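Worksheet: the structure to be examined is printed underneath.
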Amino acid sequence: MAKNIQSLERAAAMLRLLAGGERRLGLSDIASSLGLAKGTAHGILRTLQHEGFVEQDGASGRYQLGAELLRLGNSYLDVHELRARALVWTDDLARSSGESAHLGVLHQQGVLIVHHVFRPDDSRQVLEVGAMQPLHSTALGKVLAAYDPVAHTEAVEAERKPFTPRTVTDLEEFESVLSLTRARGWADDVEETWEGVAAVAAPIHDRRRMPVGAVAVTGAVERVCSGGELRPELVAAVRDCARAVSRDLGAGRF
């Protein structure tokens, strides 16, 4: 079997390190975090900087991700058929629900957010495209785990970390949640991942009737829920959105 190229592995690890922080990192920080000699780390950083994947702050000398990564990321998302098909429908979903809409796909034992429509108000919000969410506690993750065999295996075999007292971690109980999700066609997350936040999600299928992603509405519990239950009109809106995207992908009627 062919061996991996060590320099590329180190460069990838470096990019992940820079992506995971909220501040710029110095050469010493990067080298020590990755267990590399300063000379080795500097050589990789210099190459990444030359290609535009890393930028160096002139004043502090610290490093951060470069604009070329954003260009490549946007290029990936632009050609991603699921996102392209879902743009109009998720915009409509956010507008009609008054809440944020998220589009997620299975990626590296989690849910990758590939599209995020802001809540249509004047509140300050952070774009979550590129963020990862857990499979076992989020509405998006539970939908994927319920319908996608690969996602199911990953959710079952992984550690189901308790994020709040409401997070389901027991395997038998988790399987029951997935069975309920399949039976009703949607999943919820009421303060299972974040305190005070609730979400509802539904699956998206392609022309082969295979699950390729999920769409969700997310917002404050007091807005998304009523009387301790998810607002039925939000559930219906999310399911309608998922069906519309599925139809655009060639899945036909569900």
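Odds and ends about this structure:
Residue-by-condition table, conditions (1) surrounded by 13 or more Cβ atoms within 10 Å (Cβ to Cβ); (2) among the aliphatic types (A, V, I, L, M); (3) under 27 Å from ALA158 (Cα atoms):
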position: GLY43; (1), (2), (3): yes, no, no
position: GLY58; (1), (2), (3): no, no, no
position: GLN64; (1), (2), (3): yes, no, no
position: LEU69; (1), (2), (3): yes, yes, no
position: ARG85; (1), (2), (3): yes, no, no
position: ALA101; (1), (2), (3): yes, yes, yes
position: GLY130; (1), (2), (3): yes, no, yes
position: GLN133; (1), (2), (3): yes, no, yes
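- Positions within region 103-128 being out of contact with any strand residue (DSSP E or B) (no Cβ under 6 Å at 6 or more places or on another chain) and either among the hydroxyl-bearing types (Ser, Thr, Tyr) or buried (at least 21 other Cβ atoms within 10 Å of the Cβ) (or both), in sequence order: LEU106, SER123
- Pairs linking a residue in region 150-171 that is open to solvent by less than 90 Å² (accessible area, probe 1.4 Å) to a residue that is outside any loop (DSSP other than H, G, I, E, B) and among the β-branched types (Val, Ile, Thr), with Cβ atoms under 7 Å and 6 or more positions apart or on different chains, are VAL168/VAL177; LEU171/VAL156.
- Across region 193-212, the number of residues qualifying as open to solvent by 20 Å² or more (accessible area, probe 1.4 Å) and under 18 Å from the mean Cα position of the chain (by Cα) comes to 4.
- Count of residues meeting criterion [part of a helix (DSSP H, G or I) and modelled with pLDDT of 85 or more] in region 13-63: 27
- Filter pass, ARG160 being touching a His at 6+ places or on another chain (Cβ under 7 Å) and not in a helix (DSSP H, G or I): yes
- Checking each residue in region 182-202 for being among the aliphatic types (A, V, I, L, M), touching a residue at least 40 places away in the same chain (Cβ under 8 Å) and farther than 14 Å from ALA145 by Cβ picks out VAL190, ALA199, VAL200.
- Candidates are the residues of region 17-64 that are basic (Lys, Arg) and within 30 Å of the chain's Cα centre (by Cα); the one that is farthest from GLY130 (Cα to Cα) is ARG62.
The values are calculated or read from the model by the stated rules, or taken from the named source; none is laboratory data. Every value quoted in this text rests on a predicted model; they were computed, and no experiment measured them. Don't worry about glycine lacking a Cβ; one is built from the backbone with ideal geometry, like all the others, and counts go over all protein chains shown. The accessibility values were calculated without ligands, DNA or RNA, using every heavy atom of the protein model including side chains. Shrake-Rupley method; radii C 1.70, N 1.55, O 1.52, S 1.80 Å.
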